Amino acid sequence: MKEPTGTPGSVRFGAFEADITSGELRKHGLRLKLPDQSFHVLVMLLERPHQMVTREELHKKLWPADTFVDFDHGLNNAINRSRDALADPAEHPRFIETLPRRGYRFLAPVERAAPATSPPRVESIAVLPLEDLSGEPSQDYFADGMTDALITSLAQIASLRVISRTSAMRFKGTHRSLPEIAQELRVDAVVEGTVVRSENRVRVDAQLVLAATDTHLWAASYERDLREIVALQSELARAIAGEIRITLTPGERARLASARVIDPEAYEDYLRGRFHWNKRTAEGLKKSLEYYQRSLEKDSSYALAHAGMADCYNMMGYWGVLSPKEVYPLAKSEAMAAVEIDESCAEARTALGWTLFAYDWKWPEAKRELERAVRLNPGYATARQWFSHYWIYLGKKSESLACVKDTLKLDPLSLVMNSNAAFMYFFARDFDAAIEQARKTIELDPHFAPPYLCLGQALEQEALFPEAIQAFETGLIHSEHSPFMLAALGHAYAASGKRSAALAILRELEELSLRRYVSPYYFAVLSAGFGEGENSLTWLEHALEDRSTWLTWLKVDPRFDILHEQPRFHALLCKIGVSS
C-alpha cells in the first residue's frame with residue numbers, strides 16, 4: 001500500500017477518498033452520502049485490499065452477538081449502498097467483488113495517507129468571492145451576496161478571525177495563488193467556490209484550503225430552494241467550523257442553527273441593497289435604500305433589510321446627505337424594528353448603537369448596544385468601527401485605537417476601515433500617523449474621498465498649509481463638491497491667511513445651503529478658521545439645535561482648540577454628554 005499525499009487518516013482509491021477520521025466518503029473532494037454501517041464495511045475491505053474479508057469477520061466486527069438484527073439483510077444492504085455510492089455494479093465490479101457465501105474482496109489499488117501528528121490549526125480564515133457560473137454579469141450581485149452572507153455566518157464564531165467582505169472582494173477575478181492571497185490577508189485557510197442560480201434553485205460548491213501548503217481540507221456541494229438560502233449558509237458555516245475543529249459555544253451553535261424561510265425576491269432585493277451600500281457613495285446609499293424598501297414590501301419581517309435601511313439613514317445623516325432630524329429618527333425606527341424581529345441581529349444592534357450616541361447622545365445605552373453587537377458577531381468590523389468613534393469622541397484614545405487595530409485585522413484592505421483608522425489617529429492627535437494612514441488609504445484607491453479630508457486636516461495641524469489645501473482640493477473633486485470638504489478647505493484658507501479665498505468658500509456654502517442641507521457645524525469650522533470665536537460658538541449652538549452628527553467631534557476636533565476656555569464651549573460639551 002502506497003503512502004501518498006492526501007487528507008491525513010484517509011484512504012484513496014481512484015477518484016474516491018474514505019476519510020476514516022471523519023467517517024466520510026468523497027469523490028473528487030465532494031462528500032457522498034453513505035450510511036455509517038456501509039462506511040464501516042467499506043473501511044474493513046479497504047484495510048485488506050485484494051484479500052477476502054469473510055462474512056464471519058464482518059459479522060463479528062460490525063454486528064456483535066448481542067445485536068438483534070437480521071445480519072444477512074443488514075450486510076447485503078450495507079454492501080449495496082456502498083456499491084451505489086461508488087457506481088460499482090455487482091455484475092462487473094471495479095471495487096467490491098462478491099465471493100458467494102464466503103465474503104468480499106476490494107479489487108482496486110489503495111493508497112493510504114500518512115497519519116498526521118496533529119490536525120491543522122486554523123484560527124483565521126478568508127472567504128474569497130464565490131464565482132458566479134451563470135455567465136450573466138447582471139447576476140454578480142447574487143454571488144457577491146452569497147459571499148457576504150457566508151462571511152457573516154462565520155464571523156459569528158468568536159474563536160475564529162474572519163476577514164471581512166471588502167478585503168476579500170479585492171481578490172475577485174484575481175489569478176493570484178491561494179498561498180499568496182492568504183499571506184497578504186494573514187490567514188491560515190481560504191474558502192473558495194462557485195454559485196449557480198437557476199430560477200428558484202441555488203447550488204453552491206465550496207472547498208476549504210489550508211493556505212500554507214495549498215492542501216484541500218474539505219469540499220462539499222449544496223443545492224437548495226432559494227427560500228432555504230439562510231439554512232444553506234448556516235449549514236456551510238457549521239461544516240467549515242467542524243472541519244477546522246473550532247469549538248462553538250452554545251450561543252453560536254444556536255445562531256448558526258437558526259434559519260427562516262425567506263421570500264426569494266425579498267432576498268434578491270436585499271442582496272442588491274448590500275451591493276450598492278458597499279459603494280459608500282451618496283448615490284449608492286440612495287439606491288441601496290430603494291432596494292431595502294422593495295425587500296421589505298415583499299417581506300416586512302426581514303430583520304436584515306430593516307437593519308440595512310438603518311445603516312443607510314445613519315450614513316446619510318453622518319455625511320450630510322440629508323438633515324439629521326430627517327433621517328436619524330428613521331434610522332432608529334428601522335433598527336428597533338430589526339431588533340424586535342431578531343434580537344440577535346448584530347447589524348441591527350450596531351446601527352442602533354450608532355444612532356444612540358451620534359444623534360440621541362445617549363452614551364451608556366449606545367455602549368451596551370455596541371458591546372452586544374460585538375458579542376453576537378465578533379467578526380463584524382462595522383461594530384468595532386463604530387466603537388472606535390464612540391471611544392474617541394469621549395476622549396478615550398487607547399480604547400479607540402484598540403478598536404481600530406481590530407478593524408484592520410478583520411478588514412485589512414477596506415477603504416472604509418483604513419480611512420477610519422486615519423481619522424481616529426487624527427482625533428487622537430497623532431498627526432504623523434494620521435498622515436501616513438491617510439496616504440496608505442489613498443494608495444488603495446486614489447478616487448476615494450474621505451482620506452483626503454483626514455490628510456488635509458492632519459497636514460494643516462502640522463502647519464503644512466499648501467499640502468493641506470492640495471489634499472482638500474483633490475478631495476473636493478472626488479467628493480462631488482461636498483459641503484464637508486468645502487468647509488475644511490475654507491478653514492485651511494482662513495488659517496493660512498488666504499482670507500479672500502476663504503470668504504469665497506463661505507459664500508459658496510451659503511448659496512449651497514439654499515438648495516440642500518448644509519450642517520451649521522461647517523459654518524462653525526469656517527468661523528474658527530477666521531479666528532472668530534464668538535461667531536463659531538453661535539454656529540455650534542445652531543448645530544446643537546440641529547443635532548448635527550459631527551457635533552460629537554467637538555471635544556476632540558483640534559480646529560476648535562481656540563474655544564476650549566470659553567464657558568459656552570463647555571456648556572455645549574455637557575449638553576452632548578462628552579464633558580467628562
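Any read-out appearing in this document is the output of simple, stated calculations on the displayed coordinates, not a laboratory observation. These numbers were taken from a predicted model, which means no experiment stands behind them. Cβ atoms come from the backbone with ideal geometry, glycine included; neighbour counts cover every protein chain shown.
Details
- Gyration tensor (alpha-carbon) shape descriptor, region 262-378, a/c threshold 1.5: oblate
- Each peptide in 345-356, 548-559, 90-101 receives the mean, over its residues, of other Cβ atoms within 10 Å, and ordering these scores from highest gives 345-356, 548-559, 90-101.
- Applying both filters, DSSP loop and at most 15 other Cβ atoms within 10 Å, to the trypsin sites (Lys or Arg not before Pro) of region 259-291 gives ARG260, LYS279.
- Charges were assigned to the Cβ only: +1 to each Lys and Arg, -1 to each Asp and Glu. The resulting dipole of the chain about its Cα centre is roughly 1020 debye.
- Leading residue at positive end of dipole, region 164-271 (Cβ point charges), from THR247, GLN207, SER167: THR247
- Gyration tensor verdict on region 124-260 (Cα atoms; rounded if a/c is under 1.5, prolate if a/b is larger than b/c, oblate otherwise): oblate
- Helix 346-358 vs. the chain, principal-axis angle (Cα, 0 to 90°, nearest 10): 10
- As a rough guide to protection, the peptides 448-458, 313-323, 230-240, 563-573 ranked by mean Cβ packing within 10 Å, highest first, stand as 448-458, 313-323, 230-240, 563-573.
- Beta bridges per DSSP with both ends in the chain, % antiparallel, nearest 5: 85
- Rounded if a/c under 1.5, otherwise prolate or oblate - the chain, Cα gyration tensor axes: prolate
- One chain, two ends: ASP263 and HIS73. Fully extended at 0.36 nm per residue, the span grows by 63.9 nm beyond their Cα-Cα distance.
- For region 124-260: relative contact order, % (alpha-carbon pairs under 8 angstrom, 6 or more apart): 25
- Ranked by the mean number of other Cβ atoms within 10 Å of their residues, highest first, the peptides 407-417, 517-527 fall in the order 517-527, 407-417.
- Test item: Cα-centred dipole of region 124-260, Lys/Arg +1 and Asp/Glu -1 on Cβ, debye: 480
- Pairs of Cα atoms nearer than 8 Å and 6+ residues apart set the relative contact order; for region 10-112 it is 32 percent.
- Region 124-260: antiparallel DSSP beta bridges as a percent of all, rounded to 5: 75
- Helix 324-341 vs. the chain, principal-axis angle (Cα, 0 to 90°, nearest 10): 20
- Cross-link partners of LYS409 among lysines (Cα-Cα below 24 Å; sequence separation of 8 or more within a chain): LYS172, LYS279, LYS367, LYS396, LYS397, LYS440
- Each helix, a run of at least 4 DSSP H residues, gives -39500 (n - 2.57); summed and divided by the residues of the chain, these come to -17500 deg cm²/dmol at 222 nm.
- A Förster radius of 35 Å combined with the Cβ-Cβ distance from SER398 to ARG568 puts the calculated FRET efficiency at roughly 0.70.
- A straight chain from ILE477 to ALA501 at 0.36 nm per residue would run longer than the Cα-Cα distance by 6.9 nm.
- Extension gain for the segment ASP140 to ASP445, taken as residue separation times 0.36 nm less the Cα-Cα distance, is 107.6 nm to one decimal.
- Size of charge dipole - region 262-378 - debye, nearest 20, with Cβ of Lys, Arg +1 and Asp, Glu -1, no other charges: 500
- Inter-part distance where region 245-278 and region 347-387 are each reduced to a Cα centre, Å: 19
- The angle separating the long axis of helix 71-86 from the principal Cα axis of greatest extent in the chain is about 50 degrees.
- Spin-label model, LYS33/LYS405: points 7 Å from Cα along the beta carbon direction are separated by 4.9 nm.
- Contact order for region 485-562, expressed relative to its length and based on alpha carbon pairs under 8 Å spaced 6+ residues apart, stands at 29 percent.
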